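Visitor: Let me begin by handing over the structure; questions about it come next.
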Amino acid sequence: MVEPFIHEKKKEFQLERMILFSDAVFAIAITLLVIDIKISGVTDPVNEQQIIHALQNILPKIIGFIISFFLIGLYWTVHHRIFGFVNACSQRLIWLNLLFLFGIVLMPFSTSFYSEYILYYLKTPVIFYVCNICFLGFMNFFLWKYISNKKNHISGAIPPVLASYYSFRALMVPIIFIIMLVAYLYIPRYAIWIPPFIPLVMWLSSRGFKKRLKREGTYLQKQR
């Protein structure tokens, strides 16, 4: 009777360690985003015009910070939500989670690179940033598919419509950024304003799934 109990406690501890490590990575990455935003070009005697001009110069970085802040926040809530279904840990789950976190850790650099040159309408920084977002989205998708697969014995019974909904959400963000990248190649001045509309697009596109979830007696809000 004692050995199974110890084994179960050990599994819970392993899972808790992975989740706590993931939360720390998210916290560090989201904090590092703001470090690159610094006021520069202000000389004595300091006046309002210099300050306003300096703020105008770092506006792209501020916008990039806001977008990436909410993207990392979104992925943290998704990570928190999907790991609410997990009741066991495996080596493959650990590696999938590490690869997902690799994309999170890369976000401060890709955001800085993207926002530094966004007004120059160069392709390389945008491609790098979009690749980072796509990697995150696809790893989130693979992580969820692994967790929701009954054969892996990682989670309890997950309704198929709920599994489809989270898979859809995981792919939605990278799809939007791929659309942005294609548009950027032709109309960069307008394409850079696509990311701020991601929350609205996801809300509109998820309404159909939420109705299906309610009809089947599965309420999404209980999982949040």
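Visitor: Identify, please: which residue in the stretch 169-214 is open to solvent by 50 Å² or more (accessible area, probe 1.4 Å) and hydroxyl-bearing (Ser, Thr, Tyr) and is, among those, modelled with the lowest pLDDT?
Guide: Ranking the qualifying residues of the stretch 169-214, first place goes to 190.
Visitor: Hey, another quick one. Report yes if some residue within the stretch 94-112 is part of a helix (DSSP H, G or I), open to solvent by 90 Å² or more (accessible area, probe 1.4 Å), modelled with pLDDT under 90 and not β-branched (Val, Ile, Thr); otherwise report no.
Guide: No: the stretch 94-112 contains no residue that is part of a helix (DSSP H, G or I), open to solvent by 90 Å² or more (accessible area, probe 1.4 Å), modelled with pLDDT under 90 and not β-branched (Val, Ile, Thr).
Residues are listed down the side, and each one gets a yes or a no for (1) touching a Lys or Arg at 6+ places or on another chain (Cβ under 9 Å); (2) within 17 Å of residue 139 (Cα to Cα); (3) assigned to a helix (DSSP H, G or I):
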site: 27; (1), (2), (3): no, no, yes
site: 42; (1), (2), (3): no, no, no
site: 54; (1), (2), (3): no, no, yes
site: 57; (1), (2), (3): no, no, yes
site: 62; (1), (2), (3): no, no, yes
site: 67; (1), (2), (3): no, no, yes
site: 81; (1), (2), (3): yes, yes, yes
site: 89; (1), (2), (3): yes, no, no
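Visitor: Okay, next question. Which of the residues that make up the stretch 145-160 are surrounded by 14 or more Cβ atoms within 10 Å (Cβ to Cβ) and in a helix (DSSP H, G or I)?
Guide: Within the stretch 145-160, 145, 146, 147, 148, 152 qualify.
Visitor: Search the stretch 88-102 for residues that are farther than 15 Å from residue 29 by Cα and pair each with any residue that is outside any loop (DSSP other than H, G, I, E, B) and of a type in the set (D, E, K, R) when their beta-carbon atoms are under 8 Å apart and the residues are at least 6 apart or on different chains.
Guide: Every condition considered, the pairs that remain are 88/11; 89/11.
Visitor: With 62, 35, 82, 39 as the choices, which residue is surrounded by 14 or more Cβ atoms within 10 Å (Cβ to Cβ) and among the hydrophobic types (A, V, I, L, M, F, W, C)?
Guide: Answer to the selection: 82.
The values are calculated or read from the model by the stated rules, or taken from the named source; none is laboratory data. It should be emphasised that the depicted structure is a prediction, and the values quoted were computed from it without experimental measurement. Neighbour counts run over all protein chains shown; Cβ positions are idealised from the backbone, glycine included. Accessible surface areas use protein heavy atoms only, side chains included; no ligands, DNA or RNA. Shrake-Rupley method; radii C 1.70, N 1.55, O 1.52, S 1.80 Å.
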